[in-house]
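The structure appears below as structure tokens.
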Amino acid sequence: MSTVGYEALGQVARITVERPEALNALSTAVLLDLDEAISRATREAPRAVVLTGAGGKAFVAGADVAEMAGMSRLGAAAFGALGNRVFRALEQLPMPVIAAVNGFALGGGCELALACDLRIASETAVFAQPEVGLGITPGFGGTQRLARLIGPARAKELLFTARRVDASEALAIGLVNRVVAAEDLSDEALALADRIADQAPLAVRATKAAVDLGLQKDLDTALAIETAQFASCFETEDQTSAMGAFVERRKPEPFKGA
């Protein structure tokens with residue numbers, strides 16, 4: 001039985017970690033099931049993806065400590081490599097991914113949210129990288145993505161102290177895009193995904209690629225990447241149709257993704 005659900009909701013897909021009895025903790029089995037869901041999103045190509053956790057208490061409360069406790073150094077290396085491979089596959093999906101954080105996002109759960117493009121948090125959400133309190137470092141990208149998102153000084157404080165951050169502080173430091181009432185989280189995340197899905201999908205993908213690739217380069221190289229992505233949108237059906245409608249002052253046709 002899979003621990004990760006996948007729902008096709010029109011032009012949007014929703015992926016749900018479904019292990020509420022363990023606060024959706026990331027075991028090897030969960031990571032493999034998440035990898036399958038990501039592969040399905042790659043094949044089915046929705047225009048946006050929402051990622052969340054089952055139950056009201058946790059998005060993902062972390063990696064499975066009970067499983068990690070008995071690991072050797074080699075076992076830990078393999079577990080970390082698996083988590084990083086799966087999270088990188090999520091991060092590299094061509095369509096935007098929105099984390100709907102509905103409770104605890106600790107350790108591997110915070111790292112999972114960091115691998116998404118956007119993060120919406122419920123008022124009850126709590127974030128932390130508590131690994132140093134367990135005698136280890138983050139292993140699924142937390143030392144890298146957190147520093148890139150909120151800056152190295154803020155990231156180091158949270159990483160060195162294992163301090164928990166509530167939703168309001170997460171918003172203030174740029175860890176999340178917005179905070180909403182818990183009962184509104186699912187609707188707000190799907191509404192954002194639908195708004196993205198209403199845009200030209202090839203242009204959205206090209207924009208994501210320009211941002212993600214450009215952030216890894218110097219400015220001149222990044223601008224060349226942007227130019228290439230900009231040019232790639234021209235002569236598509238969507239660009240021709242939308243610009244024609246704009247010039248002719250008429251309502252554009254729905255985007256086809258072609």
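With the structure loaded, tell me whether A25 is crowded, with 16+ Cβ neighbours inside 10 Å, touching a Pro at 6+ places or on another chain (Cβ under 7 Å) and of a type outside the set (K, R) or whether it fails that test. Criteria not met by A25.
Can we say A193 is in contact (Cβ under 8 Å) with a residue 12 or more places away in the chain, part of a helix (DSSP H, G or I), in the same structural domain as I120 (by TED's automatic domain parsing) and surrounded by 15 or more Cβ atoms within 10 Å (Cβ to Cβ)? It is true that A193 is in contact (Cβ under 8 Å) with a residue 12 or more places away in the chain, part of a helix (DSSP H, G or I), in the same structural domain as I120 (by TED's automatic domain parsing) and surrounded by 15 or more Cβ atoms within 10 Å (Cβ to Cβ).
Against the numbered list (1) in contact with a strand residue (DSSP E or B) (Cβ under 6 Å, 6 or more places away or on another chain); (2) in contact (Cβ under 8 Å) with a residue 40 or more places away in the chain, A128 comes up short only at (2). Selection of the stretch 246-258 for residues being free of Cβ contacts under 8 Å to residues at least 60 places away in the same chain and in a loop (DSSP other than H, G, I, E, B) yields E248, R249, R250, K251, P252, E253, P254, F255, K256, A258. Looking across the stretch 197-238, the residues that are under 29 Å from G151 (Cα atoms) and of a type in the set (D, E, K, R) come down to R205, K208, D212, K217, D218, D220, E226.
Candidates V179, V204: the one that is in a helix (DSSP H, G or I) and out of contact with any Phe, Trp or Tyr (no Cβ under 8 Å at 6 or more places or on another chain) is V204. Please pick out the residue among V101, V165, V176, V180 that is over 25 Å from A37 (Cβ atoms) and in the same structural domain as V50 (by TED's automatic domain parsing). Criteria check complete, one pass: V165.
Per-residue answers, yes or no, for (1) surrounded by 14 or more Cβ atoms within 10 Å (Cβ to Cβ); (2) without any contact (Cβ under 8 Å) to a residue 40 or more places away in the chain; (3) not acidic (D, E):
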| position | (1), (2), (3) |
| --- | --- |
| L159 | yes, yes, yes |
| A162 | yes, yes, yes |
| A167 | yes, no, yes |
| A170 | yes, no, yes |
| N177 | yes, no, yes |
| A200 | yes, no, yes |
| F230 | no, yes, yes |
| T240 | no, yes, yes |
| G244 | no, yes, yes |
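Step by step: first the residues of the stretch 19-40, then only those that are under 15 Å from A99 (Cα atoms) and of a type outside the set (V, I, T), then the one that is farthest from the chain's Cα centre (by Cα). Which residue is that? Going through the qualifying residues, I end up with N24. When each of G75, G109, G139 is tested for being over 30 Å from V204 (Cβ atoms), part of a helix (DSSP H, G or I), in the same structural domain as A29 (by TED's automatic domain parsing) and at pLDDT 95 or above, the lone residue that passes is G75.
Okay, residues lined up against (1) of a type in the set (V, I, T); (2) in contact (Cβ under 8 Å) with a residue 60 or more places away in the chain:
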| site | (1), (2) |
| --- | --- |
| L9 | no, yes |
| I15 | yes, no |
| A29 | no, no |
| A48 | no, yes |
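The values are calculated or read from the model by the stated rules, or taken from the named source; none is laboratory data. Everything numeric in this text was worked out from a predicted model, so none of it was measured. Using ideal geometry, Cβ is built from the backbone for each residue, glycine included, and neighbour counts are taken over all protein chains shown.
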